[in-house]
Amino acid sequence: MTLVAPGTLVFVVDDESEVRQSIADFLIMEGYDARPLPSADAAWTAVVHGPRPALIVLDLWIPGMTSAEFVRRLRASRHAAVPVLVLSGVRSNDQVESDVDAVTQKPIESTALVRLVDRLVSGGRRRATPPGAGRQAAAAGAAPSRRRPGSPGATDGPSRRNGSRRRA
């Protein structure tokens with residue numbers, strides 16, 4: 001097991017301020033450097049002009065630049081390897097048109113969210129995917145829609161020792 005590396009940056013993009021701040025606060029308590037952003041436009045600016053995030057948590061339905069457009073731009077940029085977790089308030093088993101790493105339904109239990117974030121962050125760089133290759137929406141509780149070589153198993157969850165945040 002390893003500690004969450006200091007400075008592990010996660011962008012939390014949601015137009016609902018309470019949802020955005022709650023997710024960011026929880027990830028901060030778990031050892032992440034979470035940056036809440038109110039729109040995909042703000043997230044795109046942060047990606048282009050700021051430090052590279054280890055993960056982007058993105059609301060599916062967001063005003064302004066759509067989540068699909070954000071992911072298209074991300075995948076066409078030098079930041080294409082950054083994993084994306086999409087949160088959706090709508091339960092769906094349809095394929096997500098965007099090239100994302102995982103999809104889960106809101107609301108999500110905080111423990112399930114941090115397990116998913118841990119898994120996506122520890123998975124490292126994502127593999128290239130053919131354009132337009134959609135991802136299946138995961139069932140509530142979510143699992144990544146893609147397994148990467150060397151990624152931890154789904155049964156490995158976060159554990160605590162002496163108040164420190166650890167991930168499997």
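The values are calculated or read from the model by the stated rules, or taken from the named source; none is laboratory data. The structure displayed is predicted, hence computed values, not measured ones. With ideal geometry, Cβ positions are generated from the backbone for all residues, glycine too; neighbour counts draw on all protein chains shown.
Just for region 8-26: of the residues that are of a type in the set (Asp, Glu) and part of a loop (DSSP other than H, G, I, E, B), which one is nearest to Val121 (Cα to Cα)? Walk me through it before giving the result.
Pass one, region 8-26, residues of a type in the set (Asp, Glu): 14-16, 18, 25.
Then keep just the ones that are part of a loop (DSSP other than H, G, I, E, B); that gives 14-16.
On the way: Asp14: 19, Asp15: 23, Glu16: 24 Å.
This residue is Asp14.
Listed residues Ala5, Ala81, Ala54, Ala34; which is under 18 Å from Ser122 (Cα atoms) and without any contact (Cβ under 8 Å) to a residue 12 or more places away in the chain? Give the derivation first.
Numbers: Ala81 fails: without any contact (Cβ under 8 Å) to a residue 12 or more places away in the chain; Ala54 fails: without any contact (Cβ under 8 Å) to a residue 12 or more places away in the chain; Ala34 fails: without any contact (Cβ under 8 Å) to a residue 12 or more places away in the chain.
Exactly one of Ala5, Ala81, Ala54, Ala34 is under 18 Å from Ser122 (Cα atoms) and without any contact (Cβ under 8 Å) to a residue 12 or more places away in the chain, namely Ala5.
Which condition does Val100 not pass, out of (1) surrounded by 13 or more Cβ atoms within 10 Å (Cβ to Cβ); (2) over 17 Å from Gly123 (Cα atoms), if it passes all the others?
(2)
How many of the residues making up region 77-97 are at pLDDT below 90 and small (Gly, Ala, Ser)?
Step one: filter region 77-97 for residues at pLDDT below 90, giving 88-97.
From the residues that got through so far, the ones that are small (Gly, Ala, Ser) too are 88-89, 92.
The qualifying residues number 3.
Each row is one residue, and each column tells you yes or no for (1) assigned to a helix (DSSP H, G or I); (2) of a type outside the set (Gly, Ala, Ser); (3) surrounded by 16 or more Cβ atoms within 10 Å (Cβ to Cβ).
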site	(1), (2), (3)
Ile28	yes, yes, no
Pro36	no, yes, yes
Asp41	yes, yes, yes
Ala46	yes, no, yes
Arg52	no, yes, no
Ile56	no, yes, yes
Pro63	no, yes, no
Glu69	yes, yes, no
Leu74	yes, yes, yes
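Determine whether Val100 is at pLDDT below 95, assigned to a loop (DSSP other than H, G, I, E, B) and more than 19 Å from Ser22 (Cβ to Cβ). Step through it out loud before you land on a result.
Details: at pLDDT below 95: yes; assigned to a loop (DSSP other than H, G, I, E, B): yes; more than 19 Å from Ser22 (Cβ to Cβ): yes.
Yes: the conditions hold for Val100.
Check Ala24, Ala46, Ala54 and return the single one that is over 23 Å from Arg115 (Cα atoms) and either in contact with an Asp or Glu (Cβ under 9 Å, 6 or more places away or on another chain) or modelled with pLDDT of 95 or more (or both). Let's see the steps before the verdict.
On the way: Ala24 fails: over 23 Å from Arg115 (Cα atoms); Ala54 fails: over 23 Å from Arg115 (Cα atoms).
From the options Ala24, Ala46, Ala54, the qualifying one is Ala46.
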